[in-house]
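Colleague: Dumping the structure here so I can ask a few things about it.
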Amino acid sequence: MRHSLECRVPYLDTELVSFIESLPVEYKVTLSAGKRIHRAAARKVLQPDIVRRKMKGFLSPTRLWFDDTSRLGNIFA
C-alpha cells in the first residue's frame, strides 16, 4: 500500500451500506475465501477462471509518460 493510490468511489447508497452492516461477519470476509459475497455475485456473471484468479495490482503508466519527453511538447519553453 506504500505506493498505491486510492481511487474508488465510496458507497453512497445508505440502504446498501445498512444491509451490508447487518450481515454476519462470516458472510463478509474470511481468511480462506476472501470476499464471499463479491465472489458469489461474480459467479453469476463471470467465467470461473476469472472468479478464482488471484488479485492483481494496477501499475500506473506514469514512468512511460515521463520517459517519453517528446509527448510533453513545449510546456517548459
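Here, each number is a calculation from the coordinates, and none is a lab measurement. This one's a predicted model, so the numbers in the text were calculated from it and none came from an experiment.
Colleague: Starting from 0.36 nm per residue, how many nanometres of slack lie between residue 37 and residue 60 once their C-alpha separation is accounted for?
Modeller: Full extension of this stretch gives 5.4 nm more.
Colleague: Could you give the length gained by full extension between residue 45 and residue 26, i.e. 0.36 nm per residue of separation minus their alpha carbon distance, to one decimal place?
Modeller: 4.5 nm
Colleague: To make sure I understand the rule: partners must be lysines, Cα under 18 Å from the Cα of residue 56, and not fewer than 8 residues away in the same chain. Which ones qualify?
Modeller: Correct list for residue 56: 35.
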